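In what follows, a structure is listed as structure tokens, so that the remarks can point back to it.
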Amino acid sequence: MTTRAPILKRAEELAAAIRSLAEYQDREDWLTFHPDTEDLISRRGTSRDQLNYSVPEALDLKQRVATYCLENPNPGAGNLVAAVLDSFLRASGYPPSVERLPSSRT
């Protein structure tokens with residue numbers, strides 16, 4: 001069995017990531033968040049909770065989110081993580097409790 005050079009392996013990973021991104025970007029809704037969520041995370045003074053889940057270290061999520069936030073106009077990593085996780089949970093049939101969401105019309 002031959003081993004691939006680290007640079008070749010990295011090039012293959014990058015090519016796969018580019019193909020994956022292209023598939024998502026072809027969709028109009030590839031990164032849209034629920035309007036209530038966007039409203040909530042954009043507010044100053046919103047109560048915050050630390051979300052602590054064990055994730056595979058090899059995914060390098062902290063560094064990747066930090067890099068994304070530096071390179072894109074984004075209010076912060078916490079907001080990005082909250083919006084993505086909220087979208088996933090809503091799509092999976094787990095919306096937030098209506099009574100827990102602050103009214104957007106104050």
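Kindly establish whether Leu85 is out of contact with any Gly (no Cβ under 6 Å at 6 or more places or on another chain), farther than 25 Å from Pro35 by Cβ and open to solvent by 50 Å² or more (accessible area, probe 1.4 Å). Give the steps one after another, and end with the answer.
Values: out of contact with any Gly (no Cβ under 6 Å at 6 or more places or on another chain): yes; farther than 25 Å from Pro35 by Cβ: no; open to solvent by 50 Å² or more (accessible area, probe 1.4 Å): yes.
In short, no.
Of the residues that make up the range 57-76, is at least one open to solvent by 50 Å² or more (accessible area, probe 1.4 Å) and in contact with a helix residue (DSSP H, G or I) (Cβ under 6 Å, 6 or more places away or on another chain)?
No, the conditions are met nowhere in the range 57-76.
Looking at the range 80-94, I want the residues that are under 24 Å from Gln63 (Cα atoms) and of a type outside the set (Gly, Ala, Ser) and have a partner that is open to solvent by less than 60 Å² (accessible area, probe 1.4 Å) and part of a helix (DSSP H, G or I) with Cβ atoms under 7 Å, at least 6 apart or on another chain. Which pairs are those?
Leu80/Val65; Leu80/Cys69; Val81/Val65; Asp86/Thr37
The values are calculated or read from the model by the stated rules, or taken from the named source; none is laboratory data. What you see is a predicted model, and the numbers here were worked out from it, not measured in a lab. A quick note on method: Cβ atoms are made from the backbone with ideal geometry, for glycine too, and the neighbour counts reach across all protein chains shown. The protein model used for the area step is the full one, side chains on, heavy atoms only, and it has no ligands, DNA or RNA in it. Shrake-Rupley method; radii C 1.70, N 1.55, O 1.52, S 1.80 Å.
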